[in-house]
Amino acid sequence: MVIGMQSKELIKSIILFLLVLMSAILTYMTWNFSPDLANVDKQDNSKKEAKSNTIGKPLKQGMPQVITPYQVIHSKGESTEGMEATRSNVEEIIKPLKNHRVLHAEQMHSNHNLIIPDLSDEFLVLDFTYDMPLATYLGQVLNINAKVPNNFKFDRLLIDNNQDGKIKLYAISKDRHNVVRMTTTVKTDKFTQALENQHKHMQPYTEIITNKDTIDKATYIFAPKSPKGQKSYHTIYNHISVDTMNSILFNDSVVVRSSRSGAVTYNNNTGVANYNDETEKYRYTNLLEDENRSTNMQESIPSTYAYINNHGGFTDDFRLFHTDDKRGDLTYQLFLNGRPTFNDDDLNTLKVSWGNKGIYSYARTLLKANVTIDSGEKEVNLPGAETVRSELANNPEVDFEKVTNMTIGYRMEDKQDNGDIEIQRNSEFKPCWYVEYDDKWRAYKDGGLE
C-alpha cells in the first residue's frame, strides 16, 4: 500500500517536471522567435520587379495628348493670328469637336492649286507635321463617328462655320491637291466660345507662298510674324534603367552577348537590344516579327501609341512628329512649351515600328527630364518670318519651292560633362527657326539652311 502511494507520487512529480520543462522551452522559443522572411522578401521583390517594367505613368487623357498639331492658326479676313500647340491649348480647341457625328463627307480633287469655294472668310487651321489617316484621327482623337474615304491622309485640318450653325471640317492632303469636306453635328457657338478663350495666347502670324500649291488661303504656309522675346531653357535628366527596358521588351531573361567600348548587346530567343552607355541610346528589335514592318498607319499609329503608353514610355511631352508609310517607321518627338525640339543625335525622339502582331523595333534615349527651368540667358529676338522667307527665296543654294513648313522650335544641345558621372546629364534648349525643306526639317541660319 505504501509502495503504491509512493509510485503515484513519483509519477505526479515526473509529470509536473515535464510540464515545467515544456513551459520553459515554449517561453524561450517565444522570446527568441525570429520569423522567416525569406518568402515575404521574395514576394516583395516580385512586386517590385512587376512594377519596374514601367518607365513612368501612362497618359490619362489618351491619344489626344500625343496626336496633336504643331500650331493653331486663326484666319479672319486680312488678319492672321496663331499660337504654339501646348497640350492645354489644343485640348480646349478640339473639345467642342469631340463625341459628334459626320453627317456627310465627300472627297474633292484638283490637278492645280486647291481652292475651296465654300470656305468662309473666318476659319481655324490645325497644322500637323505628318500624314495622318483621317479615319484614325476622327475615331481615336475626336471620337467622331464618320464614314470617310478609305486610306485618305491629311496634314492640315480646317475648321469652318456653316450657314446652318454647324461646323464643317476640311481635311487637306500633304500635296495640297485633295480635300475631304465633312458636315458635322458640332454647334458653331460652342466652338466659337472655345476659340475666344484662346485668343489671349495668339500672336500675329503671316501667310507665305512658296510654290504654285500654296497660293490660296486654304493652302498658305503660316509662320510667326515677329518672334520676339524668345527664352532658352535648361533641362537636367534622370536615367531610365536598362534592366527596366529589358523587362518591358523581352519575354524572359536575357543574356549579355557582348560588351565592349561602352556598347552592350542583350538577347534571347525573342529579341535583341543594343545599349551604349556613352550616348545612353537603346535600340530593340523583335526577332519574332517579320522583317516587313507594317506600313498601315491606321494600325501602326494606335498600336505603337498604346504599346508605349502602357509602360509609361511617354516620359516627357513626346508627340507624333513623322510617319513613313513606305518603311513603316514612326517618330515621336519631344516638345517643349508647345514647340518641337530638334537634336542631331536623336536624343529627343522615340522611334518605333509595328510588325504583324506586335512591336518590331523600338529606339530611344534612356533619359527623362528631372527638371526644366529658364536658363537665365538673355531673351532673343529672332528674325521675322518675312526676313526668313526673303533670304531663303534669294539664296541660290535653296530651291524655295521645296519649302513646305516654317516654325519656331528649340535646338537641343547636349551638355554631357566630359563623362563625369558625378554630374547629371543636362541639355540647353535654344529657340531657332526651323524649315521643312524637301521633307526634312533643317535649322535656318544666316540666310541659309544648316
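The values are calculated or read from the model by the stated rules, or taken from the named source; none is laboratory data. For clarity, every value in this text was computed on a predicted model and none was experimentally measured. Neighbour counts are summed over all protein chains in view; Cβ atoms, including those assigned to glycine, are modelled from backbone coordinates with ideal geometry. These accessible areas exclude ligands, DNA and RNA; they are computed on the full protein's heavy atoms, side chains included. Shrake-Rupley method; radii C 1.70, N 1.55, O 1.52, S 1.80 Å.
How do the pairs read when you match residues in segment 293-321 that are among the small types (Gly, Ala, Ser) with residues anywhere that are assigned to a helix (DSSP H, G or I) and open to solvent by less than 10 Å² (accessible area, probe 1.4 Å), using Cβ under 8 Å and keeping only pairs 6 or more apart or on different chains?
These pairs meet every condition: 294/300.
Give 124, 114, 138, 103 a once-over and let me know the one that is part of a loop (DSSP other than H, G, I, E, B) and either within 23 Å of residue 68 (Cβ to Cβ) or more than 28 Å from the chain's Cα centre (by Cα) (or both). Write out each step before concluding.
Details: 124 fails: part of a loop (DSSP other than H, G, I, E, B); 138 fails: part of a loop (DSSP other than H, G, I, E, B); 103 fails: part of a loop (DSSP other than H, G, I, E, B).
Sole residue among the options that is part of a loop (DSSP other than H, G, I, E, B) and either within 23 Å of residue 68 (Cβ to Cβ) or more than 28 Å from the chain's Cα centre (by Cα) (or both): 114.
What is the residue count in segment 129-159 for residues that are in contact with a Ser or Thr (Cβ under 8 Å, 6 or more places away or on another chain) and more than 20 Å from residue 113 (Cα to Cα)?
3
Which one of 249, 320 is aliphatic (A, V, I, L, M), open to solvent by less than 60 Å² (accessible area, probe 1.4 Å) and within 17 Å of the chain's Cα centre (by Cα)? Spell out how you get there, then give the answer.
Numbers: 249 fails: within 17 Å of the chain's Cα centre (by Cα).
Only one candidate qualifies: 320.
Of the residues that make up segment 267-288, is at least one at positive phi, open to solvent by less than 30 Å² (accessible area, probe 1.4 Å), in contact (Cβ under 8 Å) with a residue 12 or more places away in the chain and out of contact with any Leu (no Cβ under 6 Å at 6 or more places or on another chain)?
There is no residue in segment 267-288 that is at positive phi, open to solvent by less than 30 Å² (accessible area, probe 1.4 Å), in contact (Cβ under 8 Å) with a residue 12 or more places away in the chain and out of contact with any Leu (no Cβ under 6 Å at 6 or more places or on another chain).
Going by what's in this entry, would residue 142 be described as modelled with pLDDT under 95 and touching a Lys or Arg at 6+ places or on another chain (Cβ under 7 Å)?
Details: modelled with pLDDT under 95: no; touching a Lys or Arg at 6+ places or on another chain (Cβ under 7 Å): yes.
Against the criterion (modelled with pLDDT under 95 and touching a Lys or Arg at 6+ places or on another chain (Cβ under 7 Å)), residue 142 does not qualify.
For segment 157-176, which residues satisfy the criterion of being open to solvent by less than 30 Å² (accessible area, probe 1.4 Å), under 16 Å from residue 109 (Cβ atoms) and not aromatic (Phe, Trp, Tyr)?
The answer is 171, 172, 173, 176.
State all residues of segment 350-393 that are open to solvent by 50 Å² or more (accessible area, probe 1.4 Å), free of Cβ contacts under 8 Å to residues at least 12 places away in the same chain and within 29 Å of residue 220 (Cα to Cα); if no residue qualifies, say none.
Within segment 350-393, 387 is the sole residue that qualifies.
Scan segment 193-205 for residues that are open to solvent by less than 30 Å² (accessible area, probe 1.4 Å) and in a strand (DSSP E or B) and report the count. Before you say what the answer is, go through the steps one by one.
Step one: of segment 193-205, the residues open to solvent by less than 30 Å² (accessible area, probe 1.4 Å) are 194-195, 198, 202, 205.
Still in the running and in a strand (DSSP E or B): 205.
Final tally of qualifying residues: 1.
Results for (1) in a loop (DSSP other than H, G, I, E, B); (2) out of contact with any Phe, Trp or Tyr (no Cβ under 6 Å at 6 or more places or on another chain); (3) within 30 Å of residue 250 (Cβ to Cβ), shown as yes or no for each residue.
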{"site": "356", "(1), (2), (3)": "yes, yes, yes"}
{"site": "368", "(1), (2), (3)": "no, yes, yes"}
{"site": "376", "(1), (2), (3)": "yes, yes, no"}
{"site": "386", "(1), (2), (3)": "no, yes, no"}
{"site": "389", "(1), (2), (3)": "no, yes, no"}
{"site": "396", "(1), (2), (3)": "yes, yes, no"}
{"site": "410", "(1), (2), (3)": "no, no, no"}
{"site": "428", "(1), (2), (3)": "no, yes, no"}
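Where residues in segment 289-307 are out of contact with any strand residue (DSSP E or B) (no Cβ under 6 Å at 6 or more places or on another chain) and under 16 Å from residue 136 (Cβ atoms), which of them is least open to solvent (accessible area, probe 1.4 Å)?
Going through segment 289-307, the residues out of contact with any strand residue (DSSP E or B) (no Cβ under 6 Å at 6 or more places or on another chain) turn out to be 290-292, 295-296, 299, 301-302, 305-306.
Next, from what is left, pick out any that are under 16 Å from residue 136 (Cβ atoms): 295-296, 299, 301-302, 305-306.
Details: 295: 65, 296: 74, 299: 67, 301: 0, 302: 27, 305: 19, 306: 38 Å².
Per the criteria, the residue is 301.
In segment 179-192, what residues are in a helix (DSSP H, G or I) and under 15 Å from residue 98 (Cβ atoms)?
First, pick out the residues of segment 179-192 that are in a helix (DSSP H, G or I): 188-192.
190, 191 - these are the residues of segment 179-192 that are in a helix (DSSP H, G or I) and under 15 Å from residue 98 (Cβ atoms).
Does residue 73 count as crowded, with 21+ Cβ neighbours inside 10 Å, more than 21 Å from the chain's Cα centre (by Cα) and within 17 Å of residue 203 (Cα to Cα)? Let's see the steps before the verdict.
Numbers: crowded, with 21+ Cβ neighbours inside 10 Å: yes; more than 21 Å from the chain's Cα centre (by Cα): yes; within 17 Å of residue 203 (Cα to Cα): yes.
So residue 73 fits the description; yes.
Check residue 227 against each of (1) open to solvent by 50 Å² or more (accessible area, probe 1.4 Å); (2) closer than 28 Å to residue 348 by Cβ; (3) part of a loop (DSSP other than H, G, I, E, B) and name the one condition it does not meet.
It is condition (1) that residue 227 fails.
Going through segment 158-175 one residue at a time, which ones are of a type in the set (S, T, N, Q) and assigned to a loop (DSSP other than H, G, I, E, B)?
Across segment 158-175, the qualifying residues are 162, 163, 173.
Scan segment 324-349 for residues that are closer than 18 Å to residue 233 by Cα, part of a loop (DSSP other than H, G, I, E, B) and open to solvent by less than 40 Å² (accessible area, probe 1.4 Å) and report the count.
Final tally of qualifying residues: 4.
Which one of 55, 67, 94 is buried (at least 17 other Cβ atoms within 10 Å of the Cβ) and at pLDDT below 95?
Only one candidate qualifies: 55.
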